[in-house]
2 protein chains.
Amino acid sequence: MSSSTQLRILTAVILMPAVAAAAWWSPTWLVAGLGAIVAVVALREFFALGDRLGFRAYRFWTCLAAVGIFAQQWHAAQAAIVARLRDPLYLLGTLPVSLEMVLVLFVTGAAIIALGSRRALAEIFSSVSVSAAGLVVIVIPFSAVVRLHSVDVTGAGPSFTLNGLSRAWSAPGLGRQLLLFTLLIVWVGDSVAYFAGHAFGRTKMTPHLSPNKTWEGAGANLLAALLVAAVFAHWMKFPQAHMLKMAALGSIAGQVGDLFESAFKRSAGVKDSGTLIPGHGGMLDRIDALIFAAPAVWYYFEWFVMKRV
Amino acid sequence: MSSSTQLRILTAVILMPAVAAAAWWSPTWLVAGLGAIVAVVALREFFALGDRLGFRAYRFWTCLAAVGIFAQQWHAAQAAIVARLRDPLYLLGTLPVSLEMVLVLFVTGAAIIALGSRRALAEIFSSVSVSAAGLVVIVIPFSAVVRLHSVDVTGAGPSFTLNGLSRAWSAPGLGRQLLLFTLLIVWVGDSVAYFAGHAFGRTKMTPHLSPNKTWEGAGANLLAALLVAAVFAHWMKFPQAHMLKMAALGSIAGQVGDLFESAFKRSAGVKDSGTLIPGHGGMLDRIDALIFAAPAVWYYFEWFVMKRV
């Protein structure tokens, strides 16, 4: 076992339980806050990649917009809950805060910064492009972790039932179970793929992008995610078919995200996006699969499990 | 009067009534459809600017996402109306279609295209960036025209009142009035600024960007917009204070949008973004102010005029 592998395992043993604990015990506002911090760190690594290509982002303003997007996602989650519970906070939930609005504020601010900036005029196109891309490629998909964590069918009224489940079925903390599930399909899938790929990997998947990835590893990732789903379905007493589909979607989306981030790095001519975590590259390397897996699980859940009447 | 000025006037005399008529007599779904076509044309001009810098967008997929955003805005408008009217279509209105979802689908597709593309790896960063930027800078702000057009207080129930207005007050077609108002503050403001700038313009505003723009012209634009607001307040029997504030916001935002688009063009080293309309440059030149003015008016209306109980 190489020292890089040992370091990788050691870090994982410390980091993963810490993240899982935060996902489990934090209230949704804290998940949104921690998520925003992670997103801002990843965004800054993305912008550092852009710098290498001469695309200089409006860093501060875009990071502020990232925080705004997490706040808006928390608000959207809150609005769904208070509307269902007919809470006195109902009025807060109906404030018309939308992603559209955050993005329009971002663009307006970016325009003012671009027009007022002393940077060369020729840079405006690339600066605006890389700033906007950071939000669309990283922050918006990743912010689905907030919506996942907020799922809660306690007090489910007529406006909220779970498709195909008895109305009597109720699960406080369903959201944190779903978020933990998403983290685990990514982590277990990634680890199993790593070792299975080393042991049985024959067919290179993307030699130009990520030379160590094999189709055997990718298949192992998917199988491991399905196994996680079976365990969670049993533990959560949740219909197995839904869990298996969410795991398959999350695993495939996560692997696409992993490759996509590798493509960004290669495109900018570097191997790791940062060196924040020993043996694991940067934050962006750590969350690349989660950025795509979290919205895949969330939209499956929103469309096919939640049922609005 | 130069021949370019004559051509500009002639085109305006044909085009503006046609656009105003479409805004006035079309149902909201048609406004969304026409808006999507305009957005796609503008987006392609934006991508042509990017091409000059070597940023090659994923054109087809991004244009499809633009159509998706207009469809989603139509859906959001529809959902607000049917929820209020307790229409049998209520269930359609509650399909969880969101801008977040459209953007996540866009990113996932862009990732698959990027990974499967035979383009050079080095292009991925710039291709993804300019594609995402087109949606954030042009399509999302411009899609506010759909929301503006859909405003309708006919059948206003307890869930919808207008702030500070009697409950008995009702205005079918309020949305088309607001959209026409937005078009007119931009058009009248722009035209008055053009002629006032030529007549009285002394103080150059942005010599490096748009050498003909003067602070006198900008002031004239704002004054003209306020005049349009006074006329509309009288015609619509709508509180004058709201109309004046919307006009001021729309005029200033529109002028920022105009300059921002000039900055993009200069950044790419061209004067006009296209040559679609004689004397008027391209589509992007025509709608640059509207891209910023429409969301400014819409968010003012949503936040300060509509009141949700």
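The values are calculated or read from the model by the stated rules, or taken from the named source; none is laboratory data. Computed from a prediction, not measured in an experiment: that's the story for all the values here. Please note: Cβ atoms are built from the backbone with ideal geometry, for glycine as well, and neighbour counts cover all protein chains shown. Only protein heavy atoms, including side chains, enter the accessible area calculation; ligands, DNA and RNA are left aside. Shrake-Rupley method; radii C 1.70, N 1.55, O 1.52, S 1.80 Å.
For this structure, a couple of remarks:
- Distances between equivalent label points of residue B:173 across the copies, with each point positioned 7 Å along Cα→Cβ, amount to 5.9 nm, shortest listed first.
- Dimensions of region A:165-257 along the principal axes, based on C-alpha atoms and rounded to the nearest Å, stand at 52, 21, 16, largest first.
- Label-to-label distance, nm, for residues given as residue A:223 and residue A:270 (7 Å Cα→Cβ offset): 3.6
- Net charge of neighbours whose Cβ lies under 15 Å from the Cβ of residue A:58, counting Lys and Arg as +1 and Asp and Glu as -1: +3
- Label distances, nm, residue A:117 versus same residue in remaining copies, Cβ-directed 7 Å point: 2.2
- Portion, in percent, of the accessible area of region B:186-244 that falls on carbon or sulfur, probe 1.4 Å: 70
- Cross-link reach list, aspartates and glutamates versus residue A:204, counting only Cα pairs under 14 Å and skipping chain neighbours closer than eight places: A:216
- Efficiency of FRET from Cβ geometry, residue B:37 and residue A:37, R₀ 45 Å, rounded to 0.05: 0.60
- Peptide B:261-269 has a mean shielding of 5, counted as Cβ atoms of other protein chains within 10 Å of each residue's Cβ.
- Residue A:56 paired with residue A:22, simple spin-label distance in nm, labels 7 Å along Cα-to-beta-carbon: 3.1
- Spin-label model, residue B:241/residue A:203: points 7 Å from Cα along the beta carbon direction are separated by 7.0 nm.
- In the assembled protein chains, residue A:198 presents an accessible area of approximately 130 Å² (probe radius 1.4 Å).
- Average accessible surface for region B:94-133: 33 Å² per residue, computed with a 1.4 Å probe over protein heavy atoms with every protein chain in place.
- Counting only residues at least eight positions apart within a chain, or on another chain, the aspartates and glutamates with an alpha carbon under 16 Å from that of residue B:237 are B:152.
- Counting only protein heavy atoms and a 1.4 Å probe, region B:210-263 has 43 square angstrom of accessible area per residue.
- Descending by average beta-carbon neighbour count within 10 Å, the peptides A:226-237, A:98-109, A:256-267 line up as A:256-267, A:98-109, A:226-237, the highest first.
- Here the contact order of region B:202-266, divided by its residue count and restricted to Cα pairs under 8 Å and six or more residues apart, works out to 29 percent.
- At least 40 Å² of accessible area lost relative to the chain alone, listed for region B:94-117 with a 1.4 Å probe: B:96, B:99, B:100, B:101, B:103, B:104, B:107, B:111, B:115
- 20 Å Cα-Cα reach of residue A:265 towards aspartates and glutamates, excluding residues that sit fewer than 8 places from it in its own chain: A:45, A:51, A:190, A:285, A:288, B:123
- Accessible area buried between chains A and B, both sides summed, probe 1.4 Å, in Å² to nearest 100: 4900
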